[in-house]
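The values are calculated or read from the model by the stated rules, or taken from the named source; none is laboratory data. Note that this is a predicted model, so its numbers are computed, not measured. Note that we place each Cβ from the backbone using ideal geometry, even for glycine, and neighbour counts take in every protein chain shown. Note: accessible area is taken over every heavy atom of the protein model, side chains too, but ligands, DNA and RNA are not part of it. Shrake-Rupley method; radii C 1.70, N 1.55, O 1.52, S 1.80 Å.
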Amino acid sequence: MSGYLDGKSIAVTGAGGGIGRAVARACAAEGANVVVADYGVALDGSAPSSEVADAVAQEICAGGGEAVALAGDVSRFDVGAEIVEAACEQWGSIDGVVCAAGVLRERMLFNMSEQEWDHVVAVHLKGHFNVYRAAVARMRKQPSGGSLVGFTSGAAIASTAQANYSAAKGGVMSLTRSAAMTAASIRMRGGPAINANCIAPVARTRMSEKVPFEMETGAPEAVAPMVVFLLSDAGREVNAQTYSVVGRRISVWNQPQELRSMWAAGERWTPGEIAEQLPRTVGQEPNWVIADLERRMAEMSS
Ligand SMILES: NC(=O)c1ccc[n+]([C@@H]2O[C@H](COP(=O)([O-])OP(=O)(O)OC[C@H]3O[C@@H](n4cnc5c(N)ncnc54)[C@H](O)[C@@H]3O)[C@@H](O)[C@H]2O)c1
């Protein structure tokens with residue numbers, strides 16, 4: 001144990017299983033007090049139970065750490081505040097939040113129900129908002145500031161049968177960059193240092209069990225050290241980033257930005273002028289996600 005998080009209070013959503021559990025245990029091993037927040041649901045979000053959050057909190061306490069369990073649904077606005085309050089009441093501060101709670105309801109876009117869309121977006125995207133909002137409201141008033149760590153996915157770029165999950169994960173990245181800008185503006189006004197970053201993990205959990213193709217993966221425990229670093233004082237200057245973490249590999253994502261422009265000769269473009277000029281000026285960007293899908297489908301049919 002290196003004591004990277006000594007004395008900090010960290011709340012981890014989805015801490016009852018998979019990556020969240022590994023992160024919660026790693027935080028405790030590094031000296032943090034931990035709110036183990038998990039609704040204890042099946043992969044599709046059904047059948048909630050308080051047992052998984054209780055079990056992980058007990059594991060941490062049995063190992064000599066400090067933890068409290070909270071079995072709330074992160075898609076509910078008041079649960080975000082309850083999670084943050086649990087840390088503040090118990091230990092006097094909230095120094096970091098990690099949003100690893102997640103569900104899947106996979107379906108092709110043209111068959112997806114309104115409930116499947118709403119539920120997945122609510123747990124992932126609104127779940128992040130609920131926790132970030134409550135956390136930043138406290139962190140901006142603490143001299144020591146704090147850290148926000150979101151969980152996105154490679155599926156944020158695009159995903160064939162997961163339009164709900166993909167959109168929510170893309171939203172998590174935009175929300176986290178916006179939180180990072182808010183944090184920067186708090187600091188520019190003389191407030192405390194707050195950072196906000198995303199992890200795009202791949203790990204062997206129940207969520208990745210059904211992926212229908214071979215992919216690079218690793219243990220959930222391999223994701224935890226990067227989260228600990230981002231939560232620690234050593235990681236506080238890292239802000240507005242997304243990192244893939246898979247087994248031994250950590251990679252930084254690029255920042256979306258405009259690449260090329262073309263200007264109309266007159267007041268505005270006509271469709272015909274665009275048709276004529278776009279291919280030889282701004283053009284298109286290579287879409288490696290669709291290229292990858294084409295390659296995998298060709299492999300499957302050969
Ligand atoms: N496992 C991977 O390869 C992978 C890949 C990309 C992204 N991710 C993301 O990483 C995060 C962790 O995934 P995982 O693989 O550990 O999943 P997991 O299914 O093993 O664990 C998710 C946990 O979230 C909890 N949860 C679900 N809905 C909740 C709610 N409404 N409120 C509170 N808790 C709730 C579940 O009870 C469960 O314990 C997720 O955000 C997931 O989308 C995982």
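Structure above, values below:
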item: Matching entry among 136, 121, 172 (being buried (at least 24 other Cβ atoms within 10 Å of the Cβ) and assigned to a helix (DSSP H, G or I)); result: 172
item: Residue match in the stretch 204-219 (condition: assigned by TED's automatic domain parsing to the domain that holds residue 128, within 11 Å of the ligand (Cβ to nearest atom), among the small types (Gly, Ala, Ser) and free of Cβ contacts under 8 Å to residues at least 24 places away in the same chain); result: yes
item: Tally, over the stretch 246-302, of residues that are closer than 30 Å to residue 153 by Cβ, of a type in the set (A, V, I, L, M, F, W, C), outside any strand (DSSP E or B) and modelled with pLDDT of 95 or more; result: 3
item: Set 90, 58: member being open to solvent by 20 Å² or more (accessible area, probe 1.4 Å) and either under 21 Å from residue 145 (Cα atoms) or modelled with pLDDT under 95 (or both); result: 90
item: Residue satisfying condition, being at pLDDT 95 or above and under 23 Å from residue 222 (Cα atoms), within set 32, 47; result: 32
item: Residue list for the stretch 71-87, restricted to those being within 10 Å of the ligand (Cβ to nearest atom) and open to solvent by 10 Å² or more (accessible area, probe 1.4 Å); result: 71, 72, 73, 74, 75, 76
item: Qualifying position, being in a loop (DSSP other than H, G, I, E, B) and loosely packed, with under 10 Cβ neighbours inside 10 Å, among 212, 192; result: 212
item: Positions within the stretch 215-226 being in a loop (DSSP other than H, G, I, E, B) and surrounded by fewer than 21 Cβ atoms within 10 Å (Cβ to Cβ), in sequence order; result: 215, 216, 217, 218, 219
item: Filter result (farther than 20 Å from residue 233 by Cα and in contact with a Gly (Cβ under 7 Å, 6 or more places away or on another chain)) within the stretch 189-201; result: 200
item: Among the residues listed as 68, 97, the single one being more than 10 Å from the ligand (Cβ to nearest atom) and within 25 Å of residue 218 (Cβ to Cβ); result: 97
item: Criterion violated by residue 90 - all others in (1) in the same structural domain as residue 231 (by TED's automatic domain parsing); (2) out of contact with any strand residue (DSSP E or B) (no Cβ under 7 Å at 6 or more places or on another chain); (3) among the polar types (S, T, N, Q) satisfied; result: (2)
item: Where residue 32 falls short, out of the listed (1) touching a helix residue (DSSP H, G or I) at 6+ places or on another chain (Cβ under 7 Å); (2) open to solvent by less than 10 Å² (accessible area, probe 1.4 Å); result: (1)
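Condition check ((1) more than 21 Å from residue 231 (Cα to Cα); (2) over 19 Å from the mean Cα position of the chain (by Cα)) across all residues:
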{"site": "52", "(1), (2)": "yes, yes"}
{"site": "89", "(1), (2)": "no, yes"}
{"site": "94", "(1), (2)": "no, no"}
{"site": "98", "(1), (2)": "no, no"}
{"site": "103", "(1), (2)": "yes, no"}
